[in-house]
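The values are calculated or read from the model by the stated rules, or taken from the named source; none is laboratory data. Since the model is a prediction, treat every value here as computed from it, not as a measurement. Positions of Cβ are backbone-derived with ideal geometry, glycine not excepted, and every protein chain shown enters the neighbour counts. Heads up: the accessible areas ignore ligands, DNA and RNA and are worked out on the full protein's heavy atoms, side chains in. Shrake-Rupley method; radii C 1.70, N 1.55, O 1.52, S 1.80 Å.
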Amino acid sequence: MSNRIDICFDRLKKENKKALITFLTAGDPDIETTEKCIMQMFENGSDMIEIGVAFSDPIAEGPTIQKASKRALDGGINLDKIFDMVKRLRKKTDKPLLLMMYLNTLYKFGTERFFSLCNECEIDGVIVPDMPYEERGEIQDFADRYGVYSIYLAAPTSHERIKMIASQSKGFLYVVSSLGVTGARNKISTDFSYLLEPLKDCVHCPCCIGFGISNGKQARETASFSDGVIMGSAVVNIIEKYGPESPEYVGSFIKSVRNAMDE
Amino acid sequence: MDKTGRFGPFGGQYVPETVMTAVHELEEAYNKYKDDEQFKKELSQLYRDYANRPSMLYYAEKMTKDLGGAKVYIKREDLNHTGAHKINNVLGQLLLAKKMGKKRIIAETGAGQHGVATATVCALMGLECEVYMGETDMERQSLNVYRMNLLGAKVTGVSSGTATLKDAINEAFRDWCSNIDTTFYCIGSVMGPHPYPTMVRDFQKVISEEIKRQLAETEGKLPDCVVACVGGGSNAMGAFYDFIGDKSVRLIGAEAAGRGIDTPDHAATIAKGSVGIFHGMKSLFLQNEYGQIDPVYSISAGLDYPGIGPEHAYLHDTGRAEYVDVTDEEAVKAFEYLSKTEGIIPAIESAHAVAAAMKIIPQMDKDQIVVINLSGRGDKDVYAIARYRGVNLDEQ
């Protein structure tokens, strides 16, 4: 077991805890703030961090992350700068770092070049929201060759597809909580016990639920169906509000969520 | 095309997992109905009685004499109900939507022609309709916005990104992700995830089938060249498709070069694009080195799109079709020329095809034949052309 994601879930299992995975968009509002926010999140209870690579046309995102992507792009963010940041972060943390990105930003960069840089910078996994299971051939060979986990998404509409998707997902399965796009929601009405039912009998792949989880209470409730939760827009909303001052606010928010989950 | 919706390396189904089940459901339904005799009968009846098909193939005698080269025929898609080729595709898709039991239809629109066609057929078939349109385009095409409202559709403005066609598509995708069970996404061009590029082409191929038949009747032969404008590429695919196997027929697509392909202000995807994966398909896109989609520009809202349908990328790759670029200025001149010469005001999109054809016609022999696909009529563009020429039509 060498991937940090596996090590992390193993540790959480022993501690009888659920994973808190948090997201932010790299370069929003600038790369220094992103770096500080990431360290604040780790120090206050995030187990893994998804670093969002801004895309000009993020079709799976709601307004919060759309705006963050625009701020980051307006600030001149690009994948080279993100890899440089990851190199700096790797001197400070040994926790799992993932990239969340649209397929075109990866493809145009050069798929092999991308994964070899992930390997060099010690990125543990990638999540590509617009690459369904059937198109995994775009990245799978290179991801495997360079030891980077590709994490697949399952949706409330996946039905019988969920087992097939889970069989290919490495690290964990990203379970989309609701129909629609990313963004904090007041209420999540999906029946997770039904959605996750097909996975009961198959080889265990940790399931983490994301999309719409906005506070500690929701995180705690959602985590009870799964191995962890993913929070994005709730974090990005704080960054939008406080800009360069956001790291300490992000830190205290993560602490409150962690406490709620560990109660 | 193979069964996974590929045209060579292009095409595919690159959509979020939430949409995959719906895409498969659509694929299944389309495969079931496309060869169904009853479906085909209903569709051809709608084409004939509602859309006014077959559209005429008009011999443009004055233009032929004036240009002094090949004989010019104009395929009058502008005479279809709603004034463009868009209705062909919408009738097909919404008939399918009805068979699938979908009650709510969403669509994107650039120039507004696809939005108008969708709103029209929704009114006819009693379906709820919401059309996404970039706010920039709503301003350029306010007449079409009002037409859609008249037809009972809700038009939702999109202010994100460049507030044009690609952003309207992004927003329609987001809507689809949220309302997947009830909603049918009626895509307006030969783009998006499989089966859309194939399905939309199949609903448009009636154009080339008719041209072939009509020309066989009047001239007793195939055309030497077919010219059509290309944004996403649906009217061009429709005009080309039945001729792909006829190697003697040159197929020419006219892209929007805006203020020139050496300026940043154009939408010439084939000339300047590179392979990427966006809007559900692998194809050519105008993008930067990091895969960020470029803002594009054309005087024509309908050609103002940073990508192109995957089958065009393939026809370009294999050399079967040629793609040329036409500037705003050339398109406006062709718009005025066709109006004065033949008494036909073309859509500014279609004027790009006219301009491209005007460049090659004089170099061809008099016994050769060029068919221009006149994809739409130009009433909607009169304001924009006046503005381009510095004429103020605003009422006091």
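List of remarks:
- Distance between modelled label sites at residue A:200 and residue A:120, nm, 7 Å Cα→Cβ extension: 4.8 nm
- List of segment A:121-160 residues, accessible area with partners at least 40 Å² below that of the chain alone (1.4 Å probe): A:130, A:132, A:135, A:138, A:157
- Comparing A:256, A:174, A:129 along the charge dipole axis of chain A, the residue lying farthest to the positive side is A:256, per the Cβ-charge model.
- Taking all protein chains as they are arranged and a probe of 1.4 Å, the heavy atoms of residue B:194 leave approximately 20 Å² accessible to solvent.
- Summed over both chains, the accessible area lost when B and A associate is about 3000 Å², using a 1.4 Å probe.
- With protein chains left intact and a 1.4 Å probe, residues in segment A:4-262 average 38 Å² of accessible area per residue.
- Residue-by-residue Karplus 3J(HN,Hα) for segment A:154-171, coefficients 6.51, -1.76, 1.60, Hz, glycine and proline x: 10, 10, x, 8, 6, 6, 5, 6, 4, 5, 4, 5, 4, 5, 9, 6, 10, x
- Additional length obtainable on full extension of the chain from residue B:209 to residue B:24, 0.36 nm per residue less Cα span: 63.7 nm
- Taking a quarter of the surface of the Cα convex hull of segment B:277-353 gives a mean projected area of 6.2 nm².
- Pairs exceeding a 21 Å alpha-carbon distance, out of B:34/B:86; A:67/A:170; B:98/B:212; B:205/B:380; A:13/A:170: A:67/A:170; B:98/B:212; B:205/B:380.
- Dipole check for chain A: with +1 at the C-beta of Lys and Arg, -1 at the C-beta of Asp and Glu, and the Cα centre as origin, the magnitude is about 480 Debye.
- Antiparallel DSSP beta bridges within the protein assembly as shown, percent to nearest 5: 20 percent
- Amide H contacts under 5 Å for residue B:327: B:257, restricted to partners 5 or more places along the chain or on a different chain, H placed in the peptide plane at 1.01 Å from N.
- For the peptide B:15-28, the mean number of other protein chain Cβ atoms found within 10 angstrom of a residue's Cβ is 6.
- Think of segment A:4-262 as a dipole: +1 on every Lys or Arg Cβ, -1 on every Asp or Glu Cβ, centred on the Cα centre; then among A:62, A:184, A:52, A:184 lies furthest on the positive end.
- Across q = 0.08, 0.09 Å⁻¹, chain B modelled as identical point scatterers on its alpha-carbon atoms has Debye log10 I(q)/I(0) values of -0.36, -0.46, in the order of the q list.
- For the protein assembly as shown, size of Cβ-based charge dipole, Lys and Arg +1, Asp and Glu -1, in debye: 660 debye
- All-pairs Cα distance distribution in segment B:26-128, expressed in whole percent, bin size 10 Å: 14, 37, 28, 13, 7, 0
- Computed from label points 7 Å out along Cα-Cβ, the spacing between residue A:221 and residue B:391 is 6.3 nm.
- Helix-only mean residue ellipticity at 222 nm for the protein assembly as shown, each DSSP H run of n ≥ 4 adding -39500 (n - 2.57), per residue, nearest 500: -13000 deg cm²/dmol
- Shown for chain B: cysteine residues without a partner Cβ closer than 4.7 Å, namely B:177, B:186, B:225, B:229.
- Subtracting the Cα-Cα distance of residue A:90 and residue A:167 from their residue separation scaled by 0.36 nm leaves 24.7 nm.
- Within a Gaussian network of chain B (alpha carbon springs, distance under 10 Å), most fluctuating of B:207, B:87, B:344: B:344
- Candidates B:138, B:199, B:63, ranked by Gaussian network fluctuation over chain B, Cα under 10 Å, top entry: B:63
- Gain in span if fully extended, residue B:182 to residue B:146, counting 0.36 nm per residue against the direct Cα distance: 10.4 nm
- Cα gyration tensor, segment B:268-396 - rounded (a/c under 1.5), prolate or oblate: oblate
- Anisotropy class of segment A:4-262 from Cα gyration tensor, a/c 1.5 cut: rounded
- Counts of other chain beta carbons within 10 angstrom of each beta carbon in peptide B:273-280 average 5.
- Coupling constants for segment A:61-71 follow from the phi torsions by the Karplus curve (6.51 cos²θ - 1.76 cosθ + 1.60, θ = phi - 60°), and in residue order they are 9, x, x, 4, 7, 4, 5, 4, 4, 5, 4 Hz; glycine and proline get x.
- Estimated from the Cβ-Cβ distance and a Förster radius of 30 angstrom, the FRET efficiency linking residue B:59 and residue B:318 is about 0.40.
- Overall dimensions of the protein assembly as shown as given by Cα atoms, namely Rg and Dmax in Å: 26.1, 87
- For the residues B:217, B:108, B:329, a GNM of chain B with alpha-carbon springs under 10 Å puts the largest fluctuation on B:217.
- At most 11 other Cβ within 10 Å, DSSP loop - GluC sites (Glu not before Pro), segment A:87-160: A:160
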